[in-house]
């Protein structure tokens, strides 16, 4: 093969590569682009090309009680689940990353298990668990806010453990020893030395935990009580019935919220390094 | 003198050992108190529920009274595998998942490669664009596809405007729509799994292959692919699992008549209240996913570890 021919084949290869990469990116982004476009249509029917453009659908969301309530519930759930998930997950990650003991691998797998179990199975198993607890203890469990929140904490924990463990992997322990030699007690050492150094990992864990909880659909579907819906469930139920600019506007707000959260997180820790 | 010094050494080592043991004991206590809360929550909140769910799957269901009766029977599992209706749903779920995984691999590898190798200052932004849809939620993305696929949607409007077709083609509520939708949902996972592995492969080995006369295809097949295999395996498994367990996409793009395993489980619980059968389907779904994942691992290991 001549050098020219080989260069040609490399150029051809590069074209094919870029073409396929572009197609993949399009497949990932197209739905978001089109749902955003639809949110600005003037007419209610999603037919192309649009007859004109309008912003009124965004104002209309405020009157849709289901979306307002769903958003408020999802936000509360996300914040609470993330805070509790961090409070439980960060110490657990410290333990898994720092100590060598028998059954450590098994423990790690258990903490990551909620990521592996299918969402529908998470939902069904927690549902029957809530039924059984309700029968055994004679208190309301099924469909209550805290039962739902407990489920969300369980799906936040594996993200926290994973990301904080990763950020502890490159940690120089002599710095902690230095602090203790200088007279700091373990608690001071943790808050003044360890915590600031693993902050990027914790911020990333908080973001991933929050969006996992905020966007969860399958598990929540089984756990919400009557008259209570999270935002993803409200969106799903609306879409089962129809697609129009109102739901598109709701989608745009969700895209903006999540995108904003990611941009803020990116200032603390480069997203490309933690995913 | 010599004896005395030995004695002192012994005492020192003994006391050092004692301190070490005390420290180890303390460390054990610290470790336990750190990890216990999260572990207990996951164990109570997930392991016990899974056990109860499995127990439920062995119960009986009295259809007339819509009641669950305690029993120990495999009737629910037998019912699933002897009724062609349910077997078809399992087969369809497998078919969709395998197709989706293949699409994700073919399209995801090039994108992952470009992202891993690019020197562009927009690299971080590009990666965020890949990650963002991951977090936006499946229902929202399905809404996007509904805008594209509908009879008056963007695709049909474009094709009819160009005169390619005269009547709208049906894309919504077909298997194709579901496959495209799930593939788009799963692509970011595949891309991210592959990208991290490709970034770890030195560019020099590619250049070495080229300078030895390999064309791009040969370089890919003989150098890049084998080196990227761990990422390929991780991405493939993740994509396959997510495909098997898809819920929102088949419900919204497949319509009420298009059944996959995820929606089927929900229907048994919420629709007809048949908890034992729903529990059995949950376990069949989980087992099928796990078995195929393990099988894929074994096949790849056997072929490439030698």
Query raised in the report: Which is within 11 Å of another protein chain (Cβ to nearest Cβ) and in a helix (DSSP H, G or I), of B:292, B:298, B:227, B:192?
Result: B:192
Report summary line: Given (1) free of Cβ contacts under 8 Å to residues at least 12 places away in the same chain; (2) within 20 Å of residue B:140 (Cβ to Cβ), residue A:186 misses just (2)
Requested in this report: Kindly list the number of the only condition in (1) more than 11 Å from chain B (Cβ to nearest Cβ); (2) over 16 Å from residue A:217 (Cα atoms); (3) free of Cβ contacts under 8 Å to residues at least 40 places away in the same chain that fails for residue A:64.
Outcome: (3)
Report summary line: Output for Cβ contacts, cut-off 6 Å, separation at least six or different chains, first residue more than 7 Å from chain A (Cβ to nearest Cβ) in the stretch B:135-153, second crowded, with 24+ Cβ neighbours inside 10 Å, reads B:149/B:177
Query raised in the report: Among the residues of the stretch B:273-286, is any more than 10 Å from every other protein chain (Cβ to nearest Cβ), under 16 Å from residue B:92 (Cα atoms) and touching a helix residue (DSSP H, G or I) at 6+ places or on another chain (Cβ under 8 Å)?
Result: yes
Query raised in the report: Across the stretch A:253-273, what is the number of residues that are farther than 18 Å from residue A:72 by Cβ and part of a helix (DSSP H, G or I)?
Result: 12
Query - Residue selected from the stretch B:121-152 under the condition outside any helix (DSSP H, G or I) and more than 18 Å from the chain's Cα centre (by Cα), by the criterion surrounded by the most Cβ atoms within 10 Å (Cβ to Cβ) - result: B:150
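Could you name every one of the helices (runs of 4 or more DSSP H) located completely within the stretch A:1-120 that has at least 2 residues being surrounded by 15 or more Cβ atoms within 10 Å (Cβ to Cβ) and out of contact with any helix residue (DSSP H, G or I) (no Cβ under 7 Å at 6 or more places or on another chain)? Let's see the steps before the verdict.
On the way: elements: A:3-39, A:56-61, A:65-98, A:104-116.
So the answer is A:3-39, A:65-98.
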Query - Matching option when the condition is over 26 Å from residue A:168 (Cα atoms) and not in a helix (DSSP H, G or I), among A:243, A:233 - result: A:243
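Can you tell which of B:3, B:35, B:96, B:51 is at pLDDT below 90 and either touching a helix residue (DSSP H, G or I) at 6+ places or on another chain (Cβ under 9 Å) or assigned to a loop (DSSP other than H, G, I, E, B) (or both)? Talk me through it step by step, then tell me what you get.
Details: B:3 fails: either touching a helix residue (DSSP H, G or I) at 6+ places or on another chain (Cβ under 9 Å) or assigned to a loop (DSSP other than H, G, I, E, B) (or both); B:96 fails: at pLDDT below 90; B:51 fails: at pLDDT below 90.
One residue alone meets the criteria, B:35.
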Report summary line: All conditions in (1) within 11 Å of another protein chain (Cβ to nearest Cβ); (2) surrounded by 14 or more Cβ atoms within 10 Å (Cβ to Cβ) are true of residue B:51 except (2)
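Name the single residue that is nearest to residue B:243 (Cα to Cα) among those in the stretch B:267-289 being in contact with a strand residue (DSSP E or B) (Cβ under 8 Å, 6 or more places away or on another chain) and in a helix (DSSP H, G or I). Full working, then the answer.
The initial filter retains those residues of the stretch B:267-289 that are in contact with a strand residue (DSSP E or B) (Cβ under 8 Å, 6 or more places away or on another chain), namely B:274-277.
Narrowing further to those that are in a helix (DSSP H, G or I): B:275-277.
Details: B:275: 24, B:276: 24, B:277: 22 Å.
Checking each candidate, the answer is B:277.
Report yes if residue A:167 is closer than 22 Å to residue A:119 by Cβ and either touching a residue at least 40 places away in the same chain (Cβ under 8 Å) or part of a helix (DSSP H, G or I) (or both), otherwise no.
On the way: closer than 22 Å to residue A:119 by Cβ: no; either touching a residue at least 40 places away in the same chain (Cβ under 8 Å) or part of a helix (DSSP H, G or I) (or both): yes.
Taking the combined requirement at face value, the residue does not satisfy it.
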Query raised in the report: If we keep just the residues of the stretch B:70-99 that are touching a strand residue (DSSP E or B) at 6+ places or on another chain (Cβ under 8 Å) and farther than 14 Å from residue B:278 by Cα, which is surrounded by the most Cβ atoms within 10 Å (Cβ to Cβ)?
Result: B:73
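The values are calculated or read from the model by the stated rules, or taken from the named source; none is laboratory data. Just so it is clear, the model here is predicted, and its values are computed rather than measured. Note that each Cβ is placed from the backbone with ideal geometry, even for glycine, and that neighbours are counted across all protein chains shown.
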